[in-house]
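The values are calculated or read from the model by the stated rules, or taken from the named source; none is laboratory data. These figures come from a predicted structure and were not determined experimentally. Here the Cβ positions follow ideal geometry from the backbone for every residue, glycine too, while neighbour counts run over all protein chains shown. With ligands, DNA and RNA removed, areas are computed over all heavy atoms of the protein, side chains included. Shrake-Rupley method; radii C 1.70, N 1.55, O 1.52, S 1.80 Å.
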Amino acid sequence: MRDADDVFFDAVSQIRMPRWSGGRVALVGDAAYAPSFLTGQGTSLALVGAYMLAGSLADRDHAAGFTAYERDTRKFVTANQGLVGEGGATLFPTTEQALEQRNSSLRSLGTMPPPEGRPAHTALTLPEFAPTI
């Protein structure tokens, strides 16, 4: 590595905040709960979070809306953040044998994943918020 001219190093991190709001400000997506790229759920969490925040604010004041947003979304976010333990070992093997096993598995992929997804992916049924027009 001392002689390499193309070494790259970065950290993998995840955001876990006790609250996603304060005063009149609420966070959503990576600012509130970046699950790390190891989960593959960053975009999904951002979209679900934005939908839940908007719906929670639609028919109540901001304080009650923020409370509803966190109450109704936190379990889904936590379940998806928990996927990080499953992804890291597979994506970044630490032994030559694990590296070869990962590469072999990737080469043999011939089908799409099952449509039902992982339990964390389906842990929240999006509510249908009533229009406030």
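Quick look at the values:
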quantity: Length-normalised contact order of region 30-130 in % [C-alpha pairs under 8 Å, at least 6 apart]; calculated: 31
quantity: Helical contribution to [θ] at 222 nm, DSSP H n ≥ 4, -39,500 (n - 2.57), averaged over the chain, rounded to 500; calculated: -14000 deg cm²/dmol
quantity: Share of Cα-Cα pairs in region 1-104 lying beyond 22 Å, as whole percent; calculated: 45
quantity: Taking N as its residue count, the alpha carbon Rg of region 1-58 over 2.2 N^0.38 Å; calculated: 1.60
quantity: Protein accessible area in the chain, 1.4 Å probe - carbon and sulfur %; calculated: 58
quantity: Listed peptides 91-102, 22-33 by packing density, highest first (mean Cβ within 10 Å); calculated: 22-33, 91-102
quantity: Nearest-ten-degree value, helix 96-107 long axis tilted from longest Cα axis of the chain; calculated: 70
quantity: Label-to-label distance, nm, for residues given as ARG19 and VAL7 (7 Å Cα→Cβ offset); calculated: 4.4
quantity: For the chain: accessible area per residue (Å², 1.4 Å); calculated: 72
